[in-house]
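Each value in this text was obtained by applying a stated rule to the coordinates, not by laboratory testing. A quick note: this is a predicted structure, and the numbers were derived from the prediction, not measured. Cβ: placed from backbone, ideal geometry, glycine included. Neighbour counts: every protein chain shown.
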Amino acid sequence: MSIRSILPAVALAILPSCSDSSNHSTAPDPNGKATVRLANAIDTKLDLRQNDSVVSGGGSLGFGAMSPCTRVSAADPSLVVARMGTTENLAGFDPSFDAGKSYTLVAFPGGGTATSFAMLLNAFTPASNAAGFRVMNATSGTTALDAFVTTPNAPLISPTTSNTAAGTASALVNTGAGTRQIRITVAGSHTVLLDFGSRSLSSRTNYTLVVAPSSSGTTLRAFLVAGC
């Protein structure tokens, strides 16, 4: 099984997000390197391994945890995602990268006990005084999602991202930087499924909100990943 690349719900190509510092260049890297970050949306702890060793800061990643941004050889990344304390690569993780580009990798629930992987390209440059924002719907249900990113307690008027189906990611779009409240609704409605609360979004930085099913019950949960 090859890596599962998630296409934005409103675009034909995967679009942007990975960094603690915002470097959105997609120019070829003369050293043949790509930058990657792994985010874990399953309840099993994971290790990100490279060349037979756990990446520094990339071990024992529980739900909502993420590795540091890591530079790898695009042609031969030698990456493995394994259950914590093991060395066997999880089925389906077989990434392919382009030099000079940045990727957010998301492990999320597949069918049954399987783990699926999304490889999200980070190539979006937010406007001045704006942040880039997208939603990855890591649920497996039939409910598509809208996201509203607003000033705190503002009414829900127009969604920031729309109709993101399960197992897909929206395109990255501009949203205001600063303190923003993020709410997830049923697509096409103002029925709030998850109030993620207020978060500080830095200008010129891309963010992916990963929305995942509850570990028990029906309440959604989410975490925010800054792009590399």
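Tabulated values for the structure
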quantity: log10 of Debye I(q)/I(0), alpha-carbon scatterers only, for the chain at 0.10, 0.11, 0.12, 0.16 Å⁻¹; calculated: -0.41, -0.50, -0.60, -1.08
quantity: Table column - 3J(HN,Hα) (Hz), segment 54-69, Karplus curve with 6.51, -1.76, 1.60, x for Gly and Pro; calculated: 5, 4, 4, x, x, x, 6, 7, x, 4, x, 8, 9, 7, x, 5
quantity: Rh by Kirkwood over Cα pairs, then Stokes-Einstein D for segment 33-122 at 1.567 mPa s and 4 °C, µm²/s; calculated: 101
quantity: Projected-area average for segment 157-228 over all orientations - Cα convex hull basis, square nanometres; calculated: 5.3
quantity: Table column - 3J(HN,Hα) (Hz), segment 175-189, Karplus curve with 6.51, -1.76, 1.60, x for Gly and Pro; calculated: 9, x, 7, x, 6, 9, 8, 10, 10, 10, 10, 4, 3, x, 9
quantity: Gain on full stretching of the segment that runs from residue 203 to residue 96 - 0.36 nm per residue minus C-alpha separation; calculated: 35.6 nm
quantity: Mean Cβ count within 10 Å, highest first, over the residues of peptides 53-64, 160-171; calculated: 160-171, 53-64
quantity: Alpha-carbon radius of gyration plus Dmax, which is the widest Cα pair, for segment 31-84 in Å; calculated: 10.9, 36
quantity: Protection-proxy order for peptides 173-186, 124-137, each taking the mean of Cβ atoms within 10 Å per residue, highest first; calculated: 124-137, 173-186
quantity: Exposure proxy ranking, count of Cβ atoms within 10 Å, fewest first, for 69, 228; calculated: 69, 228
quantity: Length added when fully stretched, residue 166-residue 60, from 0.36 nm per residue minus Cα-Cα; calculated: 35.5 nm
quantity: Segment 145-187 and segment 76-123: distance between their alpha carbon centers, rounded to Å; calculated: 26
quantity: Percent of beta bridges antiparallel (DSSP, segment 130-226, rounded to nearest 5); calculated: 80
quantity: Ranked list, fewest to most other Cβ atoms within 10 Å of each Cβ, for 45, 33, 101; calculated: 45, 33, 101
